[in-house]
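Peer 1: I am attaching a structure below and will ask some questions about it afterwards.
The values are calculated or read from the model by the stated rules, or taken from the named source; none is laboratory data. The model shown is predicted, which means the values in this text are computed figures rather than measured ones. Positions of Cβ are backbone-derived with ideal geometry, glycine not excepted, and every protein chain shown enters the neighbour counts. Please note that ligands, DNA and RNA were not included when accessible areas were found on the heavy atoms of the full protein model with its side chains. Shrake-Rupley method; radii C 1.70, N 1.55, O 1.52, S 1.80 Å.
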Amino acid sequence: MKPILNIENLTKIYGNVPSQTKALNGITFQVMPGEFLGIMGSSGSGKSTLLNCIATVIQPTGGSIQVEGVNLQALKGRTLADYRGKKVGYLFQNFELLDNLTGRENILLPTSLHGVSEAESSQRLKQLADYLEITDVLNKFPSKMSGGQRQRICIARALALKPEFIVCDEPVSALDVSIQAQIINLLKDIQEKYNLTYLFISHDLSVVEHISDTVGVMYLGNLVEYGATEDIFRNPLHPYTKALFSAIPVPDPTVKMNRIVLEGSIPSPANPPKGCKFHTRCAQCMEQCKTEVPEQREIEPGHFVVCHLYDQK
């Protein structure tokens, strides 16, 4: 099976010399059809920039993004519009509905822009409305809907053109906890029903663990660890991943937490440290970490880490 998404050495730089910010620094990974990839990392790690490059909202500075063997940077005009509408769907944190349109009109907006017939659009609308249980809010405006209803309308709109994969940027963080669980389970059900591929950003590690097949951990524009969700959560390798996981609350009061507290603040992307970008906050920092950029190492099949601690393993 060939990957649906292949990203190689992806770089994104904002600004000009000397005031440059490297938001992405040589990101490389693959996503297989039907896979659910969760991206974790603190604010400013480059997660949203990565997804916006994949969604062609912004253009990368270097590297390549290929979808089913097609280089996205080569797409222009109609082919680019078709990719944005028919190949990929979008789910964002703040719902992004047009307030002056009803739920029905918001859902059908992509089909009208891409020339889908009225009959087929109506059929798709009915199928999605029944499946997502939003028939009773189709004639309401977003201001008259609950947060969960608005996000279901967004999901229906994202699916209206039958895309192959969905880009999700914190799609449940603005919702109440009880509604979050409903939407997360719904996204998983939709994946199985329509055989979709997801790229999903979340700050909630428990959400990522529950919903993802594969996890990527980012820090300061770098992908520092990547692998199957079970492997990453069972055996985190990178010191930053370990620190993230140590902050996950355990519901058993008898379990003693071994919290890893990171020293200092995240460095500025405009002036990152030399060598390993994490070395200024790492308790296991060695001399080579301060000057040499670590390479990607495969520790287990499909489980990669970028850290000098594993250079000899």
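Peer 1: Given (1) part of a strand (DSSP E or B); (2) surrounded by 15 or more Cβ atoms within 10 Å (Cβ to Cβ), identify the lone condition not met by Pro3.
Peer 2: For Pro3, the exception is condition (1).
Peer 1: Are any residues in the range 16-28 in contact (Cβ under 8 Å) with a residue 12 or more places away in the chain and either open to solvent by 10 Å² or more (accessible area, probe 1.4 Å) or closer than 16 Å to Cys168 by Cβ (or both), and if so, which ones?
Peer 2: Ser19, Gln20, Thr21, Lys22, Ala23, Asn25, Gly26, Thr28, listed by residue number.
Peer 1: I'm checking my understanding of the structure. Among residues of the range 85-109 that are part of a helix (DSSP H, G or I) and open to solvent by less than 30 Å² (accessible area, probe 1.4 Å), which one is farthest from Phe200 (Cα to Cα)?
Peer 2: Residue satisfying both the conditions and the ranking: Gly103.
Peer 1: Let me ask something additional. Among the residues of the range 118-137, are any in contact (Cβ under 8 Å) with a residue 40 or more places away in the chain and more than 22 Å from the chain's Cα centre (by Cα)? Outline the logic, then answer.
Peer 2: Filtering the range 118-137 down to residues in contact (Cβ under 8 Å) with a residue 40 or more places away in the chain leaves 131-132.
Those still in the list that are more than 22 Å from the chain's Cα centre (by Cα) too: 131-132.
Within the range 118-137 (the criterion being in contact (Cβ under 8 Å) with a residue 40 or more places away in the chain and more than 22 Å from the chain's Cα centre (by Cα)), the answer is yes, since at least one residue qualifies.
Peer 1: Then there's this: Tally up the residues in the range 12-41 that are among the polar types (S, T, N, Q) and closer than 17 Å to Pro273 by Cα, please.
Peer 2: Result for the range 12-41: 4.
Peer 1: Among the residues of the range 115-129, how many are open to solvent by less than 50 Å² (accessible area, probe 1.4 Å), among the hydrophobic types (A, V, I, L, M, F, W, C) and either outside any loop (DSSP other than H, G, I, E, B) or touching a Gly at 6+ places or on another chain (Cβ under 6 Å) (or both)?
Peer 2: Taking the range 115-129 first, the residues open to solvent by less than 50 Å² (accessible area, probe 1.4 Å) are 116, 121, 124-125, 128-129.
If we keep only those that are among the hydrophobic types (A, V, I, L, M, F, W, C) too, we end up with 116, 125, 128-129.
After this cut, where a residue has to be either outside any loop (DSSP other than H, G, I, E, B) or touching a Gly at 6+ places or on another chain (Cβ under 6 Å) (or both) as well, the list is 125, 128-129.
Number satisfying all stated conditions: 3.
Peer 1: Just one of Asn185, Asn235, Asn222 is closer than 21 Å to Leu5 by Cβ and polar (S, T, N, Q); which is it?
Peer 2: Being closer than 21 Å to Leu5 by Cβ and polar (S, T, N, Q) holds for just one of Asn185, Asn235, Asn222, which is Asn222.
Peer 1: Give me a count of the residues in the range 57-84 that are open to solvent by 10 Å² or more (accessible area, probe 1.4 Å) and closer than 14 Å to Lys12 by Cα.
Peer 2: Of the residues in the range 57-84, 9 are open to solvent by 10 Å² or more (accessible area, probe 1.4 Å) and closer than 14 Å to Lys12 by Cα.
Peer 1: Taking the options Val31, Val17, name whichever one is under 25 Å from Gly302 (Cα atoms) and not small (Gly, Ala, Ser).
Peer 2: One residue alone meets the criteria, Val31.
Peer 1: Consider the range 44-74. How many of its residues are part of a loop (DSSP other than H, G, I, E, B) and in contact (Cβ under 8 Å) with a residue 24 or more places away in the chain?
Peer 2: 10
Peer 1: Can I ask one more? Please work out which one of (1) in a helix (DSSP H, G or I); (2) closer than 28 Å to Gln73 by Cα; (3) touching a residue at least 12 places away in the same chain (Cβ under 8 Å) is the condition Ser112 fails and give its number.
Peer 2: With (1) in a helix (DSSP H, G or I); (2) closer than 28 Å to Gln73 by Cα; (3) touching a residue at least 12 places away in the same chain (Cβ under 8 Å) applied to Ser112, the lone miss is (3).
Peer 1: Go through the range 228-250 residue by residue and tally those that are within 17 Å of the chain's Cα centre (by Cα) and open to solvent by less than 20 Å² (accessible area, probe 1.4 Å).
Peer 2: Selection size over the range 228-250: 3.
One line per residue, one yes/no per condition, for (1) within 19 Å of Leu196 (Cβ to Cβ); (2) not aliphatic (A, V, I, L, M):
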{"position": "Ser48", "(1), (2)": "no, yes"}
{"position": "Ile58", "(1), (2)": "no, no"}
{"position": "Thr61", "(1), (2)": "no, yes"}
{"position": "Gln73", "(1), (2)": "no, yes"}
{"position": "Thr79", "(1), (2)": "no, yes"}
{"position": "Gly89", "(1), (2)": "yes, yes"}
{"position": "Asn106", "(1), (2)": "no, yes"}
